[in-house]
Each structure stands twice: as structure tokens, then as C-alpha cells.
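Input: a single structure, listed below in C-alpha cells.
Values in this text are rule-based calculations from the coordinates and carry no lab data. Not measured: the values here are computed from a predicted model. Ideal geometry is used to build each Cβ from the backbone, glycine not excepted, and the neighbour counts take in all protein chains shown.
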Amino acid sequence: MKIQVSPESFLQYQGDAVVVGATEGVPLAGVLAEVDHALAGLVGRLIQSGEIRGKQSEVTILHVPGKLPAARVAVAGLGEAAGIDLFRVRAAMGVAARLLRNRGCRRVATTLHEQAGEGVRTDQAVRAVVEGAYMGLYPGGECKSQKEFPEELEELCLLGVAEQEREHASGAARAGRIVGEATNYARRLVNLPPNEVTPSRLAEAAVEAGERAGLEVEILEPGQIEALGMGAFVAVARGSDEPSRLIVLRHRGEGDGPVLAFVGKGLTFDSGGISIKPSDKMETMKLDMAGGAAVLAATRAIGELKLGVDVLGVIPATENLPGGRAYKPGDVVRALNGKTIEIISTDAEGRLILADALAYARQLGATHLIDVATLTGACIVALGHVAAAVMGNDTALVEAVLDAGESAGERMWRLPLFPEYRPQLDSNIADIKNVGGRAAGAITGGLFLREFVGDTGWAHIDIAGTAWSDKDEPHQVEGATGAGTRTLIALAERIAGGVM
Ligand code: BES
Ligand code: MN
Ligand code: ZN
């Protein structure tokens, strides 16, 4: 898809469609009023009759032969005028792009970036529009033999960009493309079936991504993982015949500033192991590498964006299966940092592989640790499928993550790591146990991880509820969402820009 910025207005654009935003309440304002004028009052009449309401993600396609050089105008709802923000602009562009693509349009322009609300910078709005288009166009159906629609449009043109804004807006559009493609890359990795995305195949994908984005990539095999002393990771991997991998990506920014380490849970399939899960919906447990996919996709994007910050991506990748040599409840394992862990449930495996990966990222010189994981069902109980949970030992870093999430259009909410929760993880036989009971399950997951980060600043993002969407939504198809990807990129941008 060619992303263009153009000084043209909708009066000049010669393509298949122009997407224009409409707000609820007073729909006929701004650009839409100009469109109405050009269409001799058609938009006003449709508002009168209730066909155009401006509701978020409602799109009305008008065929306008002879009235405008473009064949169609798509009026995309942005909701109440007072509350317009980048979330809504992304979603509106996503719905419109998808609908127009499915109706055979190939060349589409938009004014949505001019309608992103007061106080929104043009570059942010441009980027959100482009990101929204990519996310909306993601087709799903990864393994279907026949594709119903082309994946992309030929062209997306952002209208009304004045000459003096051109360079800035083009840069933002390019960033939007890189970030949108990264999000979809993460989605594809998660959606692909677990017999295709095995740990070794995920490692191959990382090597390819590294070549594309100029990253250094190192892949550690089971012997090396064991030799390093990663007893917790090794234990989880024992139940599967698929060999595990530890994927390490490196992006070198300039200078010797902070080293931001992203650690992503890479369970390519989580059956629960000996503490086996119920079979109903077990197929969705291919999503358990969504944190790893976010880390891989974000690090790829950071390389492509050439951000001036050092980034490490660490992805422990394995299956969790109940094979004959599988680890068992009652086992005690020793993690890389020397701590002993009593296994209560083999289904609390994510925290085990992350424990070793976090400790390893510190050995590699991380100054800031961020882990992303589909860690707990309890996170879904707490925040549903709307928001990810954020926890950490460093308030400034947690706040930077929340802030990054906000600008990236990903809802996140902080949970506390109060010391009163910690006794839930006390073990009689070892330093800690891997399950803290039903109460505050997302928090005890976070508290477990905290034992492995020492005094390094650390934030944990639990994306169990947000990594997967159970239903087709107007702005995105059912399946993987790419959760975490855009937040990690936005965080790296912040730190490259001197925040922290
Ligand atoms: N991968 C799951 C968490 C999960 C559940 C992610 C549903 C997405 C959707 C994780 O490995 C797990 O099984 N967690 C257990 C932990 C428990 C045994 C302490 C859980 O949440 O039940
Ligand atoms: Mn599990
Ligand atoms: Zn899991």
C-alpha cells in the first residue's frame, strides 16, 4: 500500500473514494459541511433522514458520480464531537478502509487526520490514521487456500497537507506504516496455528525480522539454555518433544544510554502440562506467545524506525505439554538467579520461563525491563478484554508504560504490588512457589516475576485479556490483536526522546 500525503483537497482527489469524518450531534460541521456543499446538500438530507448519524464506526458510502472526481464519499462516524481522540480516529479509519476495500476500492483518500480534535498534533493524527488503516485491513483467514480480498489498498492518500507540513507529515505517515505493519505482523504470528509457529519456527521468523530491520539476532538452543542455568525455563520445556529456543534480538541506538529490554512470553502452545487445561477452547492457547510476538514485532519496528535507543528483545519460546518427561506439581526447580521454585501448577508456566528470561536480560545489561505476557486468567477477570494490567517496581517506568499505551491507543491500567500479597507465594520447601491462589491472581503473577528482576527498574504488562478478540469488530477482525506491540514502540520512542 502506497501511503501518500498530498496538498490536494477532496475536491481534487481522483481515486475510488474519499473518507470524511462525521460527529454525533452536530454532524454537518467542518470538512463535512464543505463536502455537503459540493454534493448540493446531499449529506444534510441524509443527516435529516437519520441515515448519517456520526456514531463511532458507522460508515455510510455515498456514490457521487459527476459531483466529485472521486467515485465515492465514505462518511465515517467519530462519535460525540467533544470526545474525539486518536483511539476513535484509528478505529474510524480502520472500519472505512476495510469496508471500502471489501467493496472493491483500491485508491482511497481521507481527511480524518484533519478531524482528530483540538490540540492533537498533525503528525500524531496522520500516524493514527495510517495505523488504523493497516489494522482495519488485516484480513485474517491465515490458512485459507483462497483469499477473499486483497490484503491492502493500492494507495492511501492523506489530503490537505500543506507544503510546509509535508516533510513532517510524510515522516509520520512512514512511522504509521511501520507501526501498522508491525502490529499486523504480531497478529499473524499469533493467529498462525501452533503446528506452524513452533519455538524453532518462531526463532526463524526472528532471524528474518532481524535481517529486515538491521537487528542482531542470537538463537540459543536447549543445550545452551540448560548450560546457562535456566532451570525454570528448562522445566517447562521438558514436557514437549519440540525443542525450545531462547530468542535474543538487539537493536543498537546511538551512544551508551539506557538499555531497554523487552521480554515476551513465547508459549507457542499452552496445554497446561500435567495440570492440564479443560479441552473446551484449548485451541485458543496458541495465543500464549502473543507477548513474544509483540516483542518481536516491536523490536523489528524500532530497528526500521532507527530509534536512538538500545533495545534488547528476549523471547523464551517453548510448548507446555504433558509428555513423559514433563515437569510435575511438587517439583522444585532452580532459576537462573539462584532462587528455588516449588511447582504447584504446571499451568503457571509463563512466569517460570519469564523468570529466567528477565534474569538473563539483566545479565545482558538491561537498565530497564519490560515484560509482556498473556500471564493470567485472573487479569481477564479484573479488566476484561478491554485493558491490559500493568505492574512494576518503578513508578516512573510504570507511568511511562501507561503513557505510551495511551498514545498508542492501547488501554492499560495499573495494579498494585502491595507487600501484603507476597505471603501468598511463600513455600514451605523452596524460596517461592509458582502459584499464589485464586485471590489477586494477576498481582501474584506480577509479584512472582518481581523476584527475578533484582533492583533493575521493571514493568510487567499482562495482556491475557487484550491479546485476542473473540468477535469481529468493525475496526478489526476476530483473532489476535497485536496487543503490546504499539505500546512497546511508543515507550522506546519516549526513552529515545530523553524521557527517563
Ligand atoms: N496462558 C495462561 C493464561 C491465559 C488464560 C491467557 C486465558 C489467556 C487466556 C497461563 O499460562 C495460565 O494458565 N495461567 C493460570 C495461572 C494459574 C495456574 C495460577 C491461570 O490463569 O489460570
Ligand atoms: Mn498456563
Ligand atoms: Zn500460559
Quick one: length gained pulling D470 to E226 fully straight, 0.36 nm per residue minus the C-alpha distance? 84.1 nm
How far is the Cα center of segment 377-425 from the Cα center of segment 432-493, in Å? 8
Kindly provide the helix-only [θ] at 222 nm of the chain, computed as the sum of -39,500 (n - 2.57) over DSSP H runs of four or more divided by all residues, to the nearest 500 deg cm²/dmol? -11000 deg cm²/dmol
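How about segment 126-163: which trypsin sites (Lys or Arg not before Pro) there are in a DSSP loop, with at most 10 other Cβ atoms within 10 Å of their Cβ?
K144, K147
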Of the beta bridges DSSP finds with both residues in the chain, what % are antiparallel, to the nearest 5? 40
When the Cα centres of segment 280-312 and segment 320-370 are compared, how far apart do they sit, in Å? 20
For a quick protection proxy, order the peptides 301-312, 386-397 by their average other-Cβ count within 10 Å, most packed first. 301-312, 386-397
How many angstrom lie between the C-alpha centres of segment 19-86 and segment 87-116? 13
If the chain between D256 and E165 were fully extended at 0.36 nm per residue, the gain over the current Cα-Cα distance would be 29.5 nm
Within segment 185-496, how many Lys pairs sit with Cα atoms under 26 Å apart, leaving out pairs fewer than 8 places apart on the same chain? 20
Of the listed peptides 473-484, 72-83, what is their order by residue-averaged count of other C-beta atoms within 10 Å, with the highest listed first? 473-484, 72-83
When ranked by the protection proxy of mean other Cβ atoms within 10 Å per residue, highest first, what sequence do the peptides 39-50, 132-143 form? 132-143, 39-50
Charge dipole of segment 2-159 built from unit charges on the beta carbon (Lys, Arg +1; Asp, Glu -1), centred at mean Cα; most positive-end Cα among H37, F149, S57 is F149
If you put +1 on each Lys and Arg Cβ and -1 on each Asp and Glu Cβ, how big is the dipole of the chain around its Cα centre, in Debye rounded to 20? 600
Charge dipole (debye, nearest 20) of segment 154-253; +1 at Cβ of Lys and Arg, -1 at Cβ of Asp and Glu: 240
